[in-house]
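To start, the structure under review is shown below, and the notes come after it.
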Amino acid sequence: MSEFSISKLFRSELLSMSAYKVADAKNLIKLDAMENPYTWPENIQQQWLQTLKSCDINRYPDPEARRLSAALRSSNEISAQSEILLGNGSDEIIQILLMSLPANAIVLAPEPGFVMYKQVAHSLGLQFKGVPVVADDFSLDLPAMLLAISELQPSLIFLAYPNNPTGNLFDAEAIKQIIFAAPGLVVVDEAYAPFANASFLSEIGKYKNLLIMRTLSKLGLAGLRLGFLIGHPDLLVQLNKIRLPYNINSLTQITATFALNNGSFLLEQTQTLCAERALVFKALEALADIKPYPSAANFILFRSLRITANQLFDALKLQGILIKNLSSQGGILENCLRVTIGTPDENQIFLKAMQNILQTT
Ligand SMILES: *Cc1c(COP(=O)(O)O)cnc(C)c1O
């Protein structure tokens, strides 16, 4: 073989990136990844195992995932005028969306925001522009967004609603102005729809450039990897050309269809988590030197005002609790941490540990 150089093989953006890292949660109470902490009721589990027997694992999956699409349409009340596209998690949908853009495209999103928008944009050699949110309350800086839109003419804008990692819902009127001003696509990412009591789904007929992205991950099916995109058929017919034919595997199709058709237990779990979110928020608010931020998702962002986020994170881990430390992102997330809402027991253990650490540090 002639001379061979890694740095000449790959795109320069790729060489300067790092892979997305996931913390090891072994033997820890896992409150870092916005998972639903509950498993399935025993009788539901038994029924599910029965349905799995009918899965022809020797065959390729249904490339259109027709039964699953129908179940998603009915459980999400998606109108017949809209098309849907399924992805291996909404992460794959983000990738499909960005793969469809011209090579010189600019991707725009409020910052801090969901890290995969930037990660995937850079991995594809696209430009990413983050527009800082307002520091006090993480709301959209609408004038800054509109200015960035007019100057950069982004091909695609992501708006997470509610936003991750901040947990707040952006102002709906501001979002509408952004959709109206945008020259390209606007993707409203509703990953936390089950907890939010707010949605842009009913707006989809009004704006041809609006797409809604959802996922089953935060609802309680993170292990299945299923996300979906809803929008005008003219848009989705193009995006569907990029989707790999069998991207939703048979086990996911059969399991997600079963879960959605027997989904009342998931809704009950969601309601419990929302009630717990209110309790955890109050308890964090009552702690000295901790400032929690209001959340419409299944997690709460909070700031440590006295000891550093690193100290708090490490001390929690020593007590067997894993949350997410956002401090390394710096800027307005300095000394911020994010805790996922767990079971009532897990939440109490977390809050007790917080109290302990703050009293002794
Ligand atoms: C978790 C999350 C996703 C990714 O969801 P998957 O379907 O599990 O890939 C997308 N967007 C936001 C804002 C998220 O927080």
**Q.** Listed residues 136, 32, 289, most fluctuating in the chain (Gaussian network, C-alpha, under 10 Å)
**A.** 136
(Q) Run the reach check for residue 324 against lysines, Cα to Cα strictly under 27 Å, same-chain hits fewer than 8 apart removed. What comes back? (A) 21, 26, 30, 118, 129, 218, 282, 291, 352
**Q.** 10 Å-binned pair-distance histogram of the chain (Cα, whole percent)
**A.** 5, 23, 31, 26, 13, 2, 0
Q) How high is the relative contact order of the range 260-329, in percent, with contacts defined as C-alpha pairs under 8 Å that are six or more residues apart? A) 17 percent
Q.
Please report the antiparallel percentage of DSSP beta bridges with both residues in the range 133-238, rounded to the nearest 5.
A. 30 percent
Q.
Quick check on the range 21-60: what does the Kirkwood estimate of hydrodynamic radius come out to from the alpha carbon pairs, in Å?
A. 13.5 Å
Q: Report, ordered by chain and residue number, the lysines lying within cross-link reach of residue 241, taken as a straight Cα distance under 21 Å and ignoring same-chain residues fewer than 8 apart.
A: 208
(Q) Is the C-alpha gyration tensor of the range 144-276 telling us rounded, prolate or oblate? Criteria: a/c under 1.5 is rounded; beyond that, a/b larger than b/c is prolate, otherwise oblate. (A) oblate
Q: Considering Cα pairs under 8 angstrom that are at least six residues apart, work out the relative contact order of the range 96-138 and quote it in whole percent.
A: 46 percent
**Q.** the range 56-261 - Rg and Dmax from Cα coordinates, angstrom
**A.** 16.6, 55
Q) How would you classify the range 201-252 from its alpha-carbon gyration tensor, with a ≥ b ≥ c the square roots of the eigenvalues: rounded for a/c under 1.5, else prolate if a/b is greater than b/c, otherwise oblate? A) oblate
Q) Within the range 56-261, what percent of beta bridges assigned by DSSP are antiparallel, to the nearest 5? A) 35 percent
Q: For residue 53, list the aspartates and glutamates whose Cα falls under 20 Å from its own Cα; do not include residues on the same chain fewer than 8 positions away.
A: 42, 62
Q: Find the eigenvalues of the gyration tensor of the Cα atoms of the range 212-361, then list the square roots of 5 times those eigenvalues as equivalent ellipsoid semi-axes, largest first, in whole angstrom.
A: 36, 19, 14
(Q) Give the separation of the Cα centroids, the range 59-95 to the range 239-312, in Å. (A) 21 Å
Q) At a Förster radius of 22 Å, what calculated FRET efficiency corresponds to the Cβ-Cβ distance of residue 262 and residue 343, to the nearest 0.05? A) 0.55
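Coordinate-derived values only; no laboratory data. In this text, all values refer to a predicted model and were calculated from it rather than measured experimentally. All Cβ positions, glycine included, derive from the backbone under ideal geometry; neighbour counts span all protein chains shown.
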